[in-house]
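What follows is a single structure, written as structure tokens, with notes after it.
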Amino acid sequence: MQLGWIDFSATERSKVLSILDLLSEKATLDELGISPIRDGFSNMFFPGTSTIQTRAKYFFIVPYAMKSLEKTAGTSSIFKKELDELEKRCGYKFLENDPNEEGVIGKRSLNKGKWVKRPPSDIYWAGLRTYGIFSAGKMSKDECINAVCNQLSVKNNVRFLGNSNDNSEENETDDKHPEELSYSSFWNIPTFKPDWFSTLKMDLTKDEAHFLKARIIKSCPDSIMGYILSHDMKSFAELESFEDISVLISQFPEDMQNEYYLARDFSSFIYVARVLFNLIIAPENETAIAEYDRLYPQLKELSEVDLEAIYQLLEIKEIGLIGFLNDLKKLMIEGNTDKMMALIREREGRLKGDSRAKTVHPEELEQGWYGGGLLDYRFTAAKQIIADIFRGEEEGNA
């Protein structure tokens, strides 16, 4: 099936591409409509992150690139084109330094002489706002570029018109020479240096690591991410999965512990539905059969997740989602596999319609696993960013 849309602005196009990027990653597929809970916990634990972020360095590349352009770009279209080209050059620079560098955005495209549809400035923009590195509130990237270009245009117009003669009447003279007009940058980025590109490396410098760490701690002090950084819990970077946080969780505040256990229990709970989803699509799926055989004796235990506490904590009000999860819980307690499968079919059908529901047309699908496994809550992306910060503090150049 081909998907098309009509967009009326670059901002709308960026939003659609964001959704498509999420849907392109198997681990983030949301066949059963549980994203309000998944994303709610993700934003709570690891704010400012997304599943398609790769390395912490991009939290600096984007503002560095924009600051390099903001005093010289002409129209907003020119600014966007030059920004895209500069971000692309950064990718080539990383690969030139180390062809095996991990986390280079667009690596496969660059090796083919192409570039990505969603550059780093799109992928990291929300995080830059969350951490206060971008200092103009909720302004979008396009709105920022437009504001920068308008500001530069005003300054250039004043320069073109010039100042009145000093002997003119007071009300005819300009307030200031154009060179003295203050220029308002939208970036809180003291680590910026004009020659940043010539020394560009993926690893953070010590100053960058200290700065990003401080911004995350200040902007997100009540998150797992903020707590790990503020308490220098370096062992976090050695964990393999979200579930492994349990080995450290006793060191966290009680409220944070409770939130973690709710998220972990929900992950195990909804995983049962994801296994059944794959059994519906492919009854001979050996992996799904083995997983459900393993889970079936635990259904009552897995159903003990406190759904009401989750709804309240994350302010979930979607009636369809609440009804589905409550019904799933009851059927898990009963151990009624057939009714659980029927519930899952009904849920996907309501979300997508029979024409697009995978459980209605399994014969059209390639063999594989659909709908994801245990929820990651952006652990993988956050772990890499945290690891980059700790490494930069210890090993980064001054």
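The values are calculated or read from the model by the stated rules, or taken from the named source; none is laboratory data. None of the values given here were measured: they were computed from a predicted structure. Cβ coordinates were reconstructed from backbone atoms using ideal geometry, including for glycine residues, and neighbour counts include every protein chain displayed. Note: areas computed on protein heavy atoms with side chains; ligands, DNA, RNA excluded. Shrake-Rupley method; radii C 1.70, N 1.55, O 1.52, S 1.80 Å.
Does the range 151-161 contain any residue that is of a type in the set (Gly, Ala, Ser) and either modelled with pLDDT of 95 or more or assigned to a helix (DSSP H, G or I) (or both)? Scanning the range 151-161, I find at least one residue that is of a type in the set (Gly, Ala, Ser) and either modelled with pLDDT of 95 or more or assigned to a helix (DSSP H, G or I) (or both), so the answer is yes. Each residue in the range 207-220 was checked for being within 15 Å of Ala382 (Cα to Cα) and either without any contact (Cβ under 8 Å) to a residue 60 or more places away in the chain or open to solvent by 20 Å² or more (accessible area, probe 1.4 Å) (or both), and 3 pass. Can you work out which of the residues in the range 315-330 that are surrounded by fewer than 20 Cβ atoms within 10 Å (Cβ to Cβ) and of a type in the set (A, V, I, L, M, F, W, C) is nearest to Leu32 (Cα to Cα)? The residue in question is Leu321. Restricting the first member to the range 243-257 and to residues that are among the hydrophobic types (A, V, I, L, M, F, W, C), and the second to residues that are assigned to a loop (DSSP other than H, G, I, E, B), the beta-carbon pairs closer than 7 Å and six or more apart or on different chains are Ile245/Leu239; Leu248/Met233. The combined condition, being basic (Lys, Arg), at pLDDT 90 or above and buried (at least 22 other Cβ atoms within 10 Å of the Cβ), is not fulfilled by Arg129. Figure legend. Inter-residue proximity from the range 351-369: first residues under 13 Å from Asn285 (Cα atoms), second residues open to solvent by 60 Å² or more (accessible area, probe 1.4 Å) and at pLDDT 85 or above, beta-carbon distance below 7 Å, spacing 6+ or different chains. Indicated pairs: Trp369/Thr287.
From the list Leu22, Leu29, the one residue that fits, being in contact with a Leu (Cβ under 9 Å, 6 or more places away or on another chain), open to solvent by 50 Å² or more (accessible area, probe 1.4 Å) and either at pLDDT 90 or above or within 23 Å of Ser241 (Cα to Cα) (or both), is Leu22. Could you list, in sequence order, all residues of the range 65-91 that are in a helix (DSSP H, G or I) and either open to solvent by less than 10 Å² (accessible area, probe 1.4 Å) or among the aliphatic types (A, V, I, L, M) (or both)? Passing the criteria: Ala65, Met66, Leu69, Ile78, Phe79, Leu83, Leu86, Glu87, Cys90, Gly91. If only residues of the range 297-330 that are of a type in the set (D, E, K, R) and not in a helix (DSSP H, G or I) are counted, the one that is nearest to Val272 (Cα to Cα) is Glu304.
Scanning the range 361-394 for residues that are among the basic types (Lys, Arg) and assigned to a helix (DSSP H, G or I), we see that the one that is least open to solvent (accessible area, probe 1.4 Å) is Lys383. Of the residues making up the range 92-121, those that are closer than 22 Å to Leu204 by Cα, in contact with an Asp or Glu (Cβ under 9 Å, 6 or more places away or on another chain) and either open to solvent by 30 Å² or more (accessible area, probe 1.4 Å) or of a type in the set (Lys, Arg) (or both) number 1. Could you list, in sequence order, all residues of the range 331-349 that are open to solvent by 80 Å² or more (accessible area, probe 1.4 Å) and either among the aliphatic types (A, V, I, L, M) or assigned to a loop (DSSP other than H, G, I, E, B) (or both)? Correct list: Ile333 only.
Among the residues of the range 320-362, those identified as within 24 Å of Lys300 (Cα to Cα) and of a type in the set (A, V, I, L, M) are Leu321, Ile322, Leu325, Leu328, Leu331, Met332, Ile333, Met340, Met341, Ala342, Leu343, Ile344. The residues on offer are Arg294, Arg274, Arg264, and the sole one that is in a helix (DSSP H, G or I), touching a residue at least 40 places away in the same chain (Cβ under 8 Å) and among the charged types (D, E, K, R) is Arg274.
Evaluated against (1) within 23 Å of the chain's Cα centre (by Cα); (2) within 24 Å of Val275 (Cβ to Cβ); (3) not charged (D, E, K, R), Ile385 falls short on exactly one condition, (2). Residue count for the range 205-225, restricted to those that are part of a helix (DSSP H, G or I) and either acidic (Asp, Glu) or more than 14 Å from Tyr260 (Cβ to Cβ) (or both): 14. If you go through the range 37-44 one residue at a time, do you hit one that is open to solvent by 40 Å² or more (accessible area, probe 1.4 Å), at pLDDT below 95 and not basic (Lys, Arg)? Within the range 37-44, not a single residue is open to solvent by 40 Å² or more (accessible area, probe 1.4 Å), at pLDDT below 95 and not basic (Lys, Arg).
Evaluation of Thr287 against the conditions (1) touching a residue at least 12 places away in the same chain (Cβ under 8 Å); (2) polar (S, T, N, Q); (3) open to solvent by less than 60 Å² (accessible area, probe 1.4 Å) shows that the sole unmet condition is (3).
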